[in-house]
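Working notes for the structure below.
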Amino acid sequence: MQRALKGLGVLTSIVMLLVLLGGALVTKTESGAGCGDSWPLCHGELIPSEITPELVIELSHRVVSGLAGILVLLLAVSSWILIGYKRETKFLSSLSFFFLILQALIGAAAVKWGQSDAVLALHFGISLISFASVLLLTLLIFEVDKKFDAESLIIDKRMKFHMIGIISYCYIVVYTGAFVRHKEASLACPNWPMCSNRPYGLPATLHEWIQMGHRFAAALIFIWVAIAAYKAFKYYKHQKVVYYGWMIAFVLITMQVMSGALVVLTGLNLAVALAHALIISCLFGVLSYFILLISRNKINRQLN
């Protein structure tokens with residue numbers, strides 16, 4: 001039974017990742033109206049009579065999201081029954097399913113009645129929380145914390161500040177990136193890292209300011225992760241889960257910055273843009289695991 005639960009956790013995590021990438025694909029290909037204003041059907045039909053690329057992309061995203069809903073519910077209930085004795089299980093099970101339903105409702109509302117770009121930008125972030133919850137639940141099933149001896153982990157206040165601060169700020173950066181996409185400002189600045197060839201390369205239009213605002217936010221999180229990774233390298237070599245976690249986070253944030261630059265330099269190449277969404281999803285998953293470690297850290301301090 002435990003083996004089947006592990007398989008379900010891995011499958012659900014993969015499908016949730018596909019939901020994230022599918023949503024990014026819908027946005028980047030402007031396929032949100034591929035099924036008209038009908039939901040959950042396409043143009044009011046179970047089997048659409050006219051097939052277009054936009055329809056295929058939008059309908060595929062809906063099908064994968066529906067499958068994800070079934071898998072998340074199954075994983076949540078199974079985990080609740082089989083590993084409910086772990087104190088994080090019930091919280092993560094509820095969180096993953098709640099945010100999956102929430103992102104589905106926002107997506108449906110956008111199709112039926114339309115939404116502002118500011119609201120639509122929340123869609124990716126909400127899906128990200130659901131994915132992270134499923135990923136953490138899967139890690140609990142595999143008892144990854146025991147393999148890294150997290151039960152003896154002690155995290156000081158400064159590292160705790162970095163862990164909580166960076167994941168909170170990461171969500172803001174994710175939102176600004178999603179807002180850039182929904183405002184169609186991805187190519188507003190043709191140069192990188194500065195916006196244009198104008199004096200000092202400063203932005204001049206609203207779309208350019210939106211793009212450069214995201215770049216500035218991304219630069220700050222890169223610096224912050226680099227600082228945290230240096231602290232982990234210097235002081236946490238004996239705590240492998242913290243040490244390797246921050247090393248992975250630094251590699252991912254570096255890849256994220258590089259892929260963001262390539263998005264601009266390649267003229268919004270679709271493969272590069274999807275890689276950009278994939279990397280930030282993985283980074284958020286790593287940062288989310290740090291929050292789980294902080295909760296373990298509280299118990300460890302009480303026992304010592």
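Readers should treat all values here as calculations from the given coordinates under stated rules, not as data from a laboratory. Remember, predicted model here, so these are calculated numbers, not experimental data. Glycine gets a Cβ as well: all are built from the backbone with ideal geometry, and neighbour counts include every protein chain shown.
Please go through segment 198-287 and write out the trypsin sites (Lys or Arg not before Pro) that DSSP classes as loop and that have at most 16 other C-beta atoms within 10 Å. Those that pass, being in a loop and sparsely packed, are Lys237. Cβ screening of the chain for cysteine pairs under 4.7 Å finds these without a partner: Cys170, Cys282. The equivalent ellipsoid that matches the C-alpha gyration tensor of the chain spans semi-axes of 33, 28, 14 angstrom, in descending order.
When the chain is described by a simple charge dipole with +1 on each Lys and Arg Cβ and -1 on each Asp and Glu Cβ, the residue from Val241, Ser168, His123 located farthest towards its positive end is Val241.
Using the C-alpha gyration tensor of segment 218-304, what are the square roots of 5 times its eigenvalues, in whole angstrom, with the largest one first? Spell out each step's value before the answer.
Working: eigenvalues 190, 35, 15 Å².
In descending order, the three semi-axes are 31, 13, 9 Å.
Pairs Lys6/Lys160; Lys86/Lys231; Lys160/Lys234: which are spaced more than 26 Å apart, C-alpha to C-alpha? Those over the limit are Lys6/Lys160; Lys86/Lys231.
Assuming 0.692 mPa s and 37 °C, estimate D for segment 1-111 with Stokes-Einstein, Rh taken as the Kirkwood radius over Cα pairs, in µm²/s. Spell out each step's value before the answer.
Numbers: Rh = 15.1 Å.
Answer from the Stokes-Einstein relation: 218 µm²/s.
Quick check for me: using +1 on Lys/Arg Cβ and -1 on Asp/Glu Cβ, what's the dipole size of the chain about its Cα centre, in debye to the nearest 20? Write out the running numbers ahead of the final one.
On the way: 24 positive and 15 negative charges, 315 e Å.
Computed charge dipole of the chain: roughly 1520 debye.
Grouping the Cα pair distances of segment 160-290 into 10 Å bins from zero gives a pair-distance distribution of 13, 42, 29, 13, 3 percent in increasing distance order.
Within the listed set Ser133, Ser94, Ser49, the residue fluctuating most in the Gaussian network model of the chain (springs between alpha-carbon atoms under 10 angstrom) is Ser49.
I need the calculated FRET efficiency for the pair Ile227 and Ala108, taking r as the beta carbon distance and R₀ as 41 Å, to the nearest 0.05. Kindly include the intermediate steps, with their values, before the conclusion.
Numbers: r = 41 Å, r/R0 = 1.00.
For Ile227 and Ala108, the calculated efficiency is 0.50.
Across segment 12-20, computed HN-Hα scalar couplings (Karplus, 6.51 cos²θ - 1.76 cosθ + 1.60, θ = phi - 60°) run 5, 5, 5, 5, 5, 5, 5, 4, 4 Hz from first to last residue, x flagging Gly and Pro.
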